[in-house]
Amino acid sequence: MTGLEQRLRAVRARIEAAARAAGRDPATVALLAVSKTWPAADVRALAALGQADFGENRAQELIGKAGELADLPLRWHFIGQLQRNKAAAVARLGAVVHSVDRTPLAQALSRAGEAAQRPVDVLLQVDLGGPEGELGGRGGAAPADVPGLADDVAVLPGIRLRGLMAVAPRGEEPGPAFARLAELAARVRVDHPEAVELSAGMSGDLEEAVAAGATIVRVGTALFGSRPLISPQDTRVTPVPGASGAPE
Ligand SMILES: *Cc1c(COP(=O)(O)O)cnc(C)c1O
């Protein structure tokens, strides 16, 4: 078994255990493999193990990898800050956009979805704030603005509101922050019952996110390791000090 396969099994086992601990069916939690900084060959290796959903946080990198892997039936997700001028390219790839945090971006994606004749599935990114209640600066709309943003998005013809997304704030326990996110998601669903997805949890806090109701966990490091793989036979690669996640 390759290191990649071992790590995929370990992550799936963590998701399953977290779901069972929360009294949830593990099948209700999807694994999104965050392949940012990793070469297309690693995505291909993980796809060969049955992983179909991959996330990227830079449009240029997403476009490049999606092109290289166009022969595979992958579902791409965009999880970073998106410039409006990249909306069309992301829409053409059929990517789910997890990071809609303002109405002009939603409008650009809607126009792109209409032009591509393929509605863009979007999640609204919520800024869960810093330890003192200020905005955390990791992207996302302020919680108070999210219901209004949801109303704006819901009437746009080229996009479909699918749910909410957030990154846990730094310097705070993730559990209570994810609970605030889940509460906000429940409020949004009163008027927008189709917004069922909750994208939350990463390598370090997926258990807390699943406990709070996450339906999508976004995992990079725990799957791919702390530096790019050269091949699926990555067990021979020795870690480079300080090179966490950065490509060389
Ligand atoms: C990089 C990234 C992840 C994955 O983080 P890991 O800690 O490597 O699992 C998840 N979500 C977003 C928005 C990211 O940018």
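The values are calculated or read from the model by the stated rules, or taken from the named source; none is laboratory data. What you are looking at is a predicted structure, and each value in this text was computed from that prediction instead of being measured. When we count neighbours, we look across all protein chains shown, and the Cβ atoms used for this are built from the backbone with ideal geometry, even at glycine. Just so you know, the surface numbers come from the protein's heavy atoms only, side chains and all, with ligands and any DNA or RNA stripped out. Shrake-Rupley method; radii C 1.70, N 1.55, O 1.52, S 1.80 Å.
Taking 0.36 nm per residue of sequence separation and removing the Cα-Cα distance, the Leu49/Arg102 pair yields an extension gain of 15.4 nm. Of the Cα atoms belonging to the chain, the radius of gyration and Dmax stand at 17.6, 52 Å. Between Val100 and Leu123, Gln125, the built amide H atoms are under 5 Å apart, and every one of these is 5 or more places off in sequence or on another chain. Based on C-alpha pairs under 8 angstrom that are at least 6 apart in sequence, the range 3-224 has a relative contact order of 20 percent.
According to the square roots a ≥ b ≥ c of the eigenvalues of the Cα gyration tensor, what is the shape class of the range 14-79, taking rounded for a/c under 1.5, prolate for a/b larger than b/c otherwise, and oblate for the remainder? Intermediate results must be reported in sequence, preceding the final value.
Details: a/c = 2.80, a/b = 2.12, b/c = 1.32.
Prolate is the answer for the range 14-79, as a/c is 1.5 or above and a/b outweighs b/c.
Highest mobility in the GNM of the chain, judged by mean-square fluctuation with C-alpha springs under 10 Å and restricted to Val90, Val11, Val210, is found for Val11. Answer with one residue from Ala18, Ala66, Val122: the one whose Cα lies farthest towards the positive end of the charge dipole of the chain, charges on Cβ with Lys, Arg +1 and Asp, Glu -1. The residue sitting farthest along the positive end of the dipole is Ala66.
Accessible area per residue for the chain is 46 Å², calculated with a 1.4 Å probe on protein heavy atoms, without ligands, DNA or RNA. Shown is the FRET efficiency for Arg187 and Ala41, computed with R0 = 35 Å from the Cβ-Cβ distance and rounded to the nearest 0.05: 0.25.
Give the carbon-plus-sulfur fraction of the accessible surface of the chain in %, rounded to a whole number; probe 1.4 Å, heavy atoms of protein chains only. Could the numbers behind the result be given before it?
Numbers: 5920 of 11410 Å².
Solvent-exposed carbon and sulfur of the chain make up 52 percent of the total.
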